[in-house]
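Here's the structure, in structure tokens; my notes come after.
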Amino acid sequence: MLTPDLKQNIFYLIYFTVSHNALALLYSCGILFSVGYSIYKPSRKSVLLLLGFLILLFGFEYDKHIVTSLREQTLNALITIQEHNKVRRIVNIFTLKALPILLPLAGWTFIFLSLYLHLKNRLFDKKK
């Protein structure tokens, strides 16, 4: 049998894991749906939907786990002996400002493009 404190700890483990990764779980469900949709009906719109959810999941993981180590690794590779403030600034802008905005923007663009193609095909099929 489980003791009450262990039951509570298991509940907290599940709760905090799900709440911490809710978007990642949602994007993963979107990936699974779009993979199934691509297998069932292979088309350009299903591939765009899959790419959109993949980019959104990567953007989520980038923001949470990748950004600081990628920034440090890039700066350590580019700046070895002499300090280069312009290079440091460009790397900071690209890794800390541009990518966190561009990745979700690209992901949602692919998803909305897929939905647009789906609706466009439905509207033109009804007119025929």
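Here are the numbers for this structure:
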| read-out | value |
| --- | --- |
| Which numbered condition residue 98 misses (of (1) in contact (Cβ under 8 Å) with a residue 24 or more places away in the chain; (2) out of contact with any Ser or Thr (no Cβ under 9 Å at 6 or more places or on another chain); (3) among the small types (Gly, Ala, Ser)) | (1) |
| Residues located in segment 89-128, provided they are out of contact with any helix residue (DSSP H, G or I) (no Cβ under 6 Å at 6 or more places or on another chain) and among the hydroxyl-bearing types (Ser, Thr, Tyr) | 109, 116 |
| Of all residues in segment 1-40 being aliphatic (A, V, I, L, M) and under 16 Å from the mean Cα position of the chain (by Cα), the one that is surrounded by the most Cβ atoms within 10 Å (Cβ to Cβ) | 31 |
| Residue check, residue 80 of a type in the set (Ser, Thr, Tyr) and within 19 Å of residue 58 (Cβ to Cβ) | no |
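One line per residue, one yes/no per condition, for (1) basic (Lys, Arg); (2) modelled with pLDDT of 95 or more; (3) not in a helix (DSSP H, G or I):
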residue	(1), (2), (3)
29	no, yes, no
39	no, yes, no
48	no, yes, no
60	no, yes, no
69	no, no, no
83	no, no, yes
102	no, yes, no
113	no, yes, no
120	yes, no, no
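The values are calculated or read from the model by the stated rules, or taken from the named source; none is laboratory data. This is a predicted model, so every value here is computed, not measured. Counting neighbours? That spans all protein chains shown, and the Cβs are built from the backbone with ideal geometry, glycine included.
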